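These notes concern the structure reproduced below.
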Amino acid sequence: MDRAKIYTLFSSSKGNCCFISYGNDKILIDCGASASMIEKSLNTLGASLSQLNAIFITHEHSDHIRGLNTVSKYFDIPIYAPEKCCEYIEAQLYGNKKPICLRSGEAIRLNDLALCAIATPHDARGSVGYRILAGEEKIGYFTDIGHLSEGVLRGLSGCRRVVIESNHDIDMLNSGPYPYPLKRRILGDMGHLSNSLCAKLLPHLAKHGSVSFLLAHLSEENNRPQIAFDECLASLRENGYEVNCENGLKLRVAHPYGICELE
């Protein structure tokens with residue numbers, strides 16, 4: 001069986017959605033754009049909402065669940081969500097549909113994919129990343145991370161390919177127009193992962209087997225793709241890794257409103 005195909009469809013502070021296809025499984029992680037926009041993106045990849053056999057939610061913030069109501073109205077897709085935010089998620093679903101609640105550390109086996117929810121430090125009712133098993137390959141999907149907790153590091157360790165948050169440039173955030181309380185929230189231990197922390201993390205992951213990184217959930221106000229890329233690239237090179245060359249590690253930045261493959 002070919003390896004899993006992983007694409008971010010939307011990735012920013014305004015909307016997040018990732019499509020994964022492997023064997024007999026086609027799933028979304030998060031549903032943070034309108035149903036019509038998600039369907040259009042899936043169609044570009046030769047897929048459709050009607051083909052999905054699961055949607056996995058990371059947490060209940062609007063940029064991760066915006067399209068759930070409409071999707072649940074027109075499609076009978078099982079929706080998995082962290083246990084602590086299931087009540088909130090249920091209120092967003094159409095009719096009497098209910099999400100399937102996940103506990104941190106609990107693995108769900110589909111047809112050919114297995115996903116394990118890992119608690120992430122974020123200011124939500126419940127927030128998780130996902131460690132995904134596709135055949136023999138482990139894949140990590142972790143955004144909305146206030147700090148690099150032990151659980152996050154364990155969840156990512158050994159993942160060959162990784163979608164990882166690189167949300168903000170600290171200087172841009174501090175000098176930008178956001179009100180002080182919001183700046184403190186983003187910079188806090190339950191906020192978002194900065195470019196600097198992401199850059200510090202990548203050599204650690206490479207040491208433990210990661211070979212491909214997709215930087216995700218960039219803030220459009222407090223970051224720039226080139227800034228995030230350059231900081232992570234410098235960190236990897238300083239630790240002796242070749243990047244984006246033959247036999248080197250792969251590093252890309254996800255598009256906020258466009259499809260990007262985790263290679």
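The values are calculated or read from the model by the stated rules, or taken from the named source; none is laboratory data. In this text the structure is predicted, and so the values were computed from the model without any measurement. Here Cβ is always computed from backbone atoms with ideal geometry, including for glycine, and neighbour counts include all displayed protein chains. When the accessible area is computed, the model is the full protein with side chains, heavy atoms only, and any ligands, DNA or RNA have been set aside. Shrake-Rupley method; radii C 1.70, N 1.55, O 1.52, S 1.80 Å.
Looking at Glu238, is it of a type in the set (D, E, K, R), open to solvent by 10 Å² or more (accessible area, probe 1.4 Å) and modelled with pLDDT under 95? The answer is no for Glu238. Looking at this structure, is Ile227 at pLDDT 95 or above and assigned to a helix (DSSP H, G or I)? Criteria met by Ile227.
Within the range 14-39, being in contact with a helix residue (DSSP H, G or I) (Cβ under 7 Å, 6 or more places away or on another chain) and closer than 21 Å to Ala117 by Cα holds for Gly15, Asn16, Cys17, Phe19, Lys26, Asp30, Cys31, Gly32. Residue count for the range 34-63, restricted to those that are free of Cβ contacts under 8 Å to residues at least 40 places away in the same chain and either in contact with a Leu (Cβ under 6 Å, 6 or more places away or on another chain) or open to solvent by 10 Å² or more (accessible area, probe 1.4 Å) (or both): 14. The residues on offer are Cys31, Cys18, and the sole one that is outside any strand (DSSP E or B) and open to solvent by less than 10 Å² (accessible area, probe 1.4 Å) is Cys31. Residue-level check: of (1) at negative phi; (2) without any contact (Cβ under 8 Å) to a residue 60 or more places away in the chain; (3) small (Gly, Ala, Ser), Ser219 misses just (2).
For (1) farther than 24 Å from Ala107 by Cα; (2) touching a Ser or Thr at 6+ places or on another chain (Cβ under 6 Å); (3) modelled with pLDDT of 95 or more, each residue gets a yes or a no:
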residue: Glu165; (1), (2), (3): no, yes, yes
residue: Ser175; (1), (2), (3): yes, no, yes
residue: Leu214; (1), (2), (3): no, no, yes
residue: Leu233; (1), (2), (3): yes, no, yes
